[in-house]
2 protein chains.
Amino acid sequence: MKAATYRGPSDVRIEEHPTPEIEEPTDAVIRVTHTAICGSDLWFYRGQEDYEEGAPVGHEPMGIVEEVGKDVRYVEPGDRVFAGFAISCGECEFCRKGLHTACPNGGFWDGPGVGGAQAEKLRVPQANGTLVRVPDRYADDEDTLEALLPLTDVMGTGHHAAVCADVEAGDTAVVIGDGAVGLCAVLASKRLGAERVIAVGHHEDRLELAKEFGATETVSSRGEEAIEEIEELTYGGANHVLECVGAESSLETAATVARPGGSIGYVGVPHVEDPAFLEPLFFSNASFTGGPAPTRAYAEELMEDVLQGTLDPSPIFTKTVDLDGIPEGYEAMDEREAIKVMVNLDE
Amino acid sequence: MKAATYRGPSDVRIEEHPTPEIEEPTDAVIRVTHTAICGSDLWFYRGQEDYEEGAPVGHEPMGIVEEVGKDVRYVEPGDRVFAGFAISCGECEFCRKGLHTACPNGGFWDGPGVGGAQAEKLRVPQANGTLVRVPDRYADDEDTLEALLPLTDVMGTGHHAAVCADVEAGDTAVVIGDGAVGLCAVLASKRLGAERVIAVGHHEDRLELAKEFGATETVSSRGEEAIEEIEELTYGGANHVLECVGAESSLETAATVARPGGSIGYVGVPHVEDPAFLEPLFFSNASFTGGPAPTRAYAEELMEDVLQGTLDPSPIFTKTVDLDGIPEGYEAMDEREAIKVMVNLDE
């Protein structure tokens, strides 16, 4: 079968890989119908993170179950399913706690012996816990599938930022970052009832989408100027800050604009050399909570809203490619020509 | 009047300063009867932090009110009082929220125009909000006063660590650091009902005191070995970690031993160049909450326990000096001959 494969920085190719098979009784094998390219894939694409040469890539799978191991009871062949970027058993302490990314029986798609989701087929370990089944009624509705696809990562991640920042009805939330995760964090904040959502980013087109997603105000300036603008809009600082980038500058902005005693939710892997943000963080007594989003924990709740028609993150996909178009998709993301690229293998 | 004065690294002298007077109608002037030398005073004493030459030092005042401005109604001359390390108005958004260290009308004792507490007298701005009155019945009971003195800083700070780490009845808490704050964090954790308190430090005598304060286990190894020991004692990681040092190594230990989804309370000013602790912190999804402790917020609650006889942090004072003995007190703290030094000006 064909799969997108890492060959070095700026070099992702479609190559032939062995077709995945059931290896454990808890495995399923799915035919991937939809997947996506993630902002976090750009770390290895840009050579900023190590990745094994020749390894498959991608961690946002949606597809049709082809085969299941004998211990799999939650799904059966023919089911439309999706999975988050983490594999999880669904029954350990951490899965029960809603922290599936810490499952000791799980792992991540780029781990040893596990495939990548940007491929024709994928072996899914711990299928009972890892997979989410799309109800039959919606299983072939393309619009619904495209709205569900972001639940594999960015929508769950934006929601995690909002949860970690304690966003509740009536709150004012500041979302830092206008990438796919930041835009989903705007949607998540509105969905949790935020009265005001201030989206902070550097791209006018993305901030426009933030407004469509419910942002009441946008800030496009940088550094000190952005901080002043946010502080003015929040009467001195925000009680709820969603840090959706992970860069030094965005962490510093988040820590500085947090109101004393406020909550910062952060979901971008911190890429920090100079930890200057720790000083404003400490002196504001703001909480700093985040990590890899347990998207599995949020899947049912978010899917319910998608099926009801009250949540639709699919406008973040501004480009669609087929399997062979994946290398072109990486280029478009790298050059910021696309906010997020969908891979539709059925097209 | 005489006051301890900073003259450079390792050089604190008793010098003559103008006797403080009421400057604002919200001021009080107190005659200091008890104060202390703080671990955080060692930062400037060791030249690791800038401090104005010739400025008075100390931030843990207890004394007798001598004079009050016309808007002060909470205390009157003759009252025994103490104050935290922060000046606070008691009526702004942040004081109402219990975050007196963020009071925009307040400040800290070492700020411009404000005296130090290691002095014969002290002007107290925002006296209504800043001062805590000791009930008359206990106002001259030396044992009670010595047990109350740590509420000016370290006991409130240890309690803040426990609150930020979400310690509740039945929990297992890991306290990192065996200085005065760490020891008070042990007391605070027990007081909040922790079932197990694991004290981590490098000094056998202090860990002994931690046991007297209620620690059920102690860990005295360092680095990797300490981490392994804590993880074994906590069956894989602790849900409640109290970081009471602020050093790179202790932050890394805290982030590493935190159980996924757990809570880290940190109260030592982070002195960090290499932010390696951010990686385990992120991947554990543990919350990281702390800052300068709003000791004023906790004063009544902790005082109540001291007066009931159920809380006594005074054993952290392992040396007592008079005003002229303050330079010797700094030396003893610097050389770790004393855990914490009390200054008794009435002796």
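A few notes on this one:
- Taking a straight line from the alpha carbon of A:K190, these lysines sit under 18 Å away, with near neighbours fewer than eight places off in the same chain left out: A:K211.
- Mean partner shielding of peptide B:292-301, defined as the number of other chain Cβ atoms within 10 Å of each residue Cβ, is 1.
- Under Stokes-Einstein, with the Kirkwood radius over Cα pairs as Rh, the value for chain B at 4 °C and 1.567 mPa s is 64 µm²/s.
- Dipole magnitude (debye, nearest 20) for chain A, charges at Cβ of Lys, Arg, Asp, Glu: 800 debye
- Shape analysis of the stretch A:155-290 places it in the rounded category; the axes a ≥ b ≥ c from the Cα gyration tensor give an a/c below 1.5.
- Rounded to the nearest Hz, the phi-derived 3J(HN,Hα) couplings of the stretch B:223-239 under the Karplus curve 6.51 cos²θ - 1.76 cosθ + 1.60 (θ = phi - 60°) are x, 4, 5, 4, 4, 4, 5, 5, 5, 5, 5, 10, 6, x, x, 9, 6, where x marks glycine and proline.
- Signed unit charges on C-beta, dipole axis of the stretch B:1-94, positive-most listed residue B:V32, B:I87, B:I22: B:V32
- Placing +1 on each Lys and Arg Cβ and -1 on each Asp and Glu Cβ, with no other charges, gives the stretch A:127-200 a dipole about its Cα centre of roughly 220 debye.
- The stretch B:145-155 - phi-based ³J(HN,Hα) in whole Hz, Karplus 6.51/-1.76/1.60, Gly and Pro as x: 4, 5, 6, 7, 3, x, 5, 5, 7, 5, 5
- Between A:T310 and A:R46, the distance separating the two model label sites (each 7 Å from Cα on the Cα→Cβ line) works out to 3.7 nm.
- Cα gyration tensor shape for the stretch B:44-139, rounded if a/c is under 1.5, else prolate or oblate: oblate
- Calculated FRET efficiency for the pair B:M1/B:A169, C-beta based, R₀ 60 Å, to 0.05: 0.80
- Between A:V124 and A:A28, A:V29, A:I30, the built amide H atoms are under 5 Å apart, and every one of these is 5 or more places off in sequence or on another chain.
- Between 0 and 90°, nearest 10: helix B:295-308 axis offset from chain B longest Cα axis: 90 degrees
- Residue pairs exceeding 26 angstrom between C-alpha atoms, taken from A:K121/A:K340; A:K97/A:K340; A:K2/A:K340: A:K97/A:K340.
- Note on A:D322 and A:E15: their simple-model spin labels are 2.3 nm apart, each label 7 Å out from Cα toward Cβ.
- For the stretch A:178-194, putting each phi into the Karplus relation 6.51 cos²θ - 1.76 cosθ + 1.60 with θ = phi - 60° gives couplings of 10, x, 4, 5, x, 5, 5, 5, 5, 4, 5, 5, 4, 4, 7, x, 4 Hz, in residue order, rounded to whole numbers and with x for Gly and Pro.
- B:E93-A:R96 FRET efficiency (beta carbon distance; Förster radius 41 Å; 0.05 resolution): 0.60
- Nearest-ten-degree value, helix B:248-257 long axis tilted from longest Cα axis of chain B: 50 degrees
- Amide H contacts of B:V341 (H built 1.01 Å from N, in plane; Pro and chain starts excluded): B:I37 sit under 5 Å, all sequence-distant by 5 or more or on other chains.
- Spherically averaged projected area of the convex hull of Cα atoms, the stretch B:236-347: 9.7 nm².
- Only DSSP H runs of four or more residues enter the estimate; each adds -39500 (n - 2.57), and after division by the residues of chain B the mean residue ellipticity at 222 nm equals -8000 deg cm²/dmol.
- Ascending distances from the A:D136 label point to its copies in the other chains, with the point 7 Å along the Cα-to-beta-carbon line: 8.2 nm.
- Among the residues of B:271-282, the average count of other protein chain beta-carbon atoms within 10 Å of the residue beta-carbon is 5.
- Extending 7 Å from Cα along the Cβ direction at B:D274 and again at A:F283 yields two label points whose distance is 2.7 nm.
- Fully extending the segment from B:H203 to B:E231 would add 8.0 nm, taking 0.36 nm per residue of separation and subtracting the current Cα-Cα distance.
- Inter-chain Cβ neighbour count for A:84-94, averaged per residue, equals 1 (cutoff 10 Å, partner chain atoms only).
- Taking chain B as a Gaussian network of alpha-carbon nodes connected by springs under 10 Å, the highest mean-square fluctuation of the residues B:G115, B:G309, B:G98 belongs to B:G309.
- Across the options B:P275, B:G156, B:A254, the greatest Cα extent toward the positive end of the charge dipole of the stretch B:128-283 (unit charges at beta carbon of Lys, Arg, Asp, Glu) belongs to B:G156.
- Summing Cβ point charges (Lys, Arg +1; Asp, Glu -1) relative to the Cα centre of the protein assembly as shown gives a dipole of roughly 1240 debye.
- Gyration tensor (alpha-carbon) shape descriptor, the protein assembly as shown, a/c threshold 1.5: prolate
- Taking other Cβ atoms within 10 Å as a rough exposure proxy, B:C184, B:C89, B:C95 sort from fewest to most as B:C89, B:C95, B:C184.
Bear in mind that the values in this text are calculations on the coordinates, not laboratory data. No experiment lies behind these values; they were computed from the predicted model shown. With ideal geometry, Cβ positions are generated from the backbone for all residues, glycine too; neighbour counts draw on all protein chains shown.
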